[in-house]
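The next block holds one structure in the form of structure tokens; read it before the comments.
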Amino acid sequence: MATTASRGSSIGPNAEPDTSSVPVIPSLLTSHPPIRDALATDSSQLQDETVEECAPFLTGYGHDRCNTHGTPPLLRDRHVKFLQKQLGMLPSIFKSADPSRPWIFYWCLNGLSILGEDVAEYRSRLVETVRPMQNKDGGFAGGFGQTSHLATTYAAVLSLALVGGEDAYEVIDRRSMWKWLCSLKQPDGGFQMAAGGEEDVRGAYCASVIISLLNIPRNLAHDSPACSAGHTDLFGGLPEWVGRCQTYEGGVSAAPGFEAHGAYAFCALGCLAILDSPHRTIPKYLDVPRFLSWLSSRQYAPEGGFSGRTNKLVDGCYSHWVGGCWPLIEASFRGPEGQPAARPADKPLEQVDDSLFNRNGLIRYIFCCCQDMSKRGGLRDKPSKYSDAYHTCYVLSGLSSAQHKWALVSARADATLLDGDRWFVSPFMSAKGQIFEEVDRVGTTHPVYVIPQQKVDDCQQYFAVKTGF
Ligand code: FPP
Ligand code: K
Ligand code: ZN
């Protein structure tokens, strides 16, 4: 947490609670932080307003079905319906989102899958929809006739992996994908997002995900711009380039010299965890203590949620971008832990809470502030915002990482392999008590690829036998 607030002043409507009926909520999550910057600015004003906005929700306002910890239930069916609707015909106000259609597929399919839905039934629809989005020169665009982009390619590939099966995998033209990735690879080691486009850490992550999921050959085509710097490998100079994105604050920016942001931090760790096992790459290319200090400062009290950057506000989507950093950073200093002892799957083991962030704080922010409790459903940034597919996907993914514990079981023996690390997930249940109902525990996604672990394995297995194209 950013601060400890046991002596802070109370906020919200339950400042003087009738203790007989009011749930017990730690004062850290119901009080202003005890240490406040005396300098009032537009940022501190917005921060105060956000605390006031969240406070009534955090104490159970408007929820008639809160449990004894003041946590409302997960409105699973409503969120499922919301995502299903987003996969259908959309009204004309979505026109500007047309180039992001592969993203909408990914957010919805991944969100549905975290909520326990089988998304394989979308296979034939998805296959026919994304096929025309692939360009002859490689990669996927946001729609037919548009330019290929690494972000839409990443979203299309993950969507195909989510529905799985040969028909989906075979949509992808690996040879043209390889050629296109070679054309985006830059002499300084990074990747442009599109031909002539910006070079940033999203590119480093998206390219690493695509290459390692599809077993794309790593040798560089002779006409790649990166060859001029002597590179011969698609990954040449990439971890060094990612390392240069770490800022004085300890977080990671889009490209060297910019402001640290949670979304880019996740991309950096994800990329490094693909290039080799995280306990080798992360400490080698990042200053971990400085990174940890910045990452810890992303969780706010009393809101409980994460912000994306210094002096900005909590937002549900950072439950994933920031929350998803924790398992990777933990694996980086724990290293491979070996196969855990077998335990009954239906009974979570109570664990000593040695977590590096306040899991219950984040879980409370998500259940109380991020759910649209109306018929609309879906999850959101904060109570004053509308739910959307992006926030629904990433709030659920963040909830999943707060409800589970990931461990690296074994690391790849050979650093040239890209799919050798084995991860193990278990339900997290703090010995201090669980503030949500067991039925409200959501599914899991792979800590690096952010789709279910089984879908990652299936996809990598399918392409592993393809040597060359
Ligand atoms: C700031 O928005 C947001 C950014 C600077 C980064 C956005 C990037 C992503 C969400 C994802 C990238 C990842 C991949 C895999 C493509 P803001 O100023 O509206 O929000 P803030 O106030 O919370 O910083
Ligand atoms: K935001
Ligand atoms: Zn957001």
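Working ranking of peptides 434-444, 155-165, 459-469 by packing, defined as the average number of other Cβ atoms within 10 Å per residue, highest first, is 155-165, 434-444, 459-469. The protection proxy used here, the mean number of other Cβ atoms lying within 10 Å of each residue, ranks peptides 178-187, 266-275 as follows, highest first: 266-275, 178-187. The calculated FRET efficiency for Lys284 paired with Ala221, based on their beta-carbon distance and R0 = 41 Å, is about 0.90.
Could you work out the relative contact order of the range 213-352, using alpha carbon pairs under 8 angstrom and six or more residues apart, expressed as a whole percent? It comes to 18 percent, rounded to a whole number.
Provide the FRET efficiency to the nearest 0.05 for the Arg376-Asp42 pair, computing r from the beta carbons and using R0 = 30 Å. Step by step, r from the Cβ atoms, then E = 0.45.
Taken along the Cα-to-beta-carbon direction at a fixed 7 Å, the label points for Met89 and Tyr61 span 3.9 nm.
Here the alpha carbons of the chain define both size measures, Rg and Dmax, at 22.1, 74 Å.
Go through Lys312/Lys405; Lys179/Lys382; Lys385/Lys432; Lys95/Lys405; Lys136/Lys466 and tell me which ones have a Cα-Cα distance over 30 Å in this structure. Over 30 Å Cα-Cα: Lys179/Lys382; Lys385/Lys432; Lys95/Lys405. Computed 3J(HN,Hα) for the range 444-449, one whole-Hz value per residue from the Karplus formula 6.51 cos²θ - 1.76 cosθ + 1.60 where θ = phi - 60°, is 10, 10, 4, x, 9, 9, glycine and proline marked x. Rg of the Cα atoms in the range 142-210, relative to 2.2 N^0.38 Å, amounts to 1.11.
In order along the range 199-205, the phi-based Karplus estimate (6.51 cos²θ - 1.76 cosθ + 1.60, θ = phi - 60°) of 3J(HN,Hα) comes to 9, 8, 6, 4, x, 4, 6 Hz; Gly and Pro are listed as x. By the beta-carbon count within 10 Å of each Cβ, the least crowded to most crowded order of Trp107, Trp321, fewest first, is Trp321, Trp107.
Rounded to the nearest 10 degrees, the inclination of helix 42-58 to the longest alpha-carbon principal axis of the chain is 70 degrees. Could you state the number of Å between the C-alpha centres of the range 421-469 and the range 131-157? About 26 Å separates the Cα centre of the range 131-157 from the one of the range 421-469. Averaged over residues, the count of other Cβ atoms within 10 Å places the peptides 190-200, 410-420 in the sequence 190-200, 410-420, highest first. Computing FRET efficiency as 1/(1 + (r/R0)^6) for Val409 and Glu198, where r is the C-beta to C-beta distance and R0 is 35 Å, gives about 0.40. Listed values for the range 169-183 are Karplus-derived 3J(HN,Hα) couplings in whole Hz (6.51 cos²θ - 1.76 cosθ + 1.60, θ = phi - 60°), namely 4, 6, 5, 7, 8, 5, 5, 5, 4, 4, 4, 5, 4, 4, 6, and x replaces Gly and Pro. Overall form of the range 42-94: oblate. Here a/c, set by the Cα gyration tensor axes a ≥ b ≥ c, is 1.5 or more, and a/b is not larger than b/c. Normalise the Debye intensity by I(0) for the range 267-372, one equal point scatterer per Cα, no solvent, then take log10 at q = 0.13, 0.22, 0.24 Å⁻¹ and round to two decimals. After summing over all Cα pairs, the log10 values are -0.58, -1.20, -1.26. The value of relative contact order for the chain, using C-alpha pairs under 8 Å at least six residues apart, is 18 percent.
Our estimate of slack between Val439 and Ser124, defined as 0.36 nm per intervening residue step minus the Cα-Cα distance, is 110.3 nm.
Read-outs throughout are calculated quantities, based only on the coordinates presented, and are distinct from any laboratory measurement. Not measured: the values here are computed from a predicted model. We place every Cβ from the backbone using ideal geometry, glycine too, and count neighbours over all the protein chains shown.
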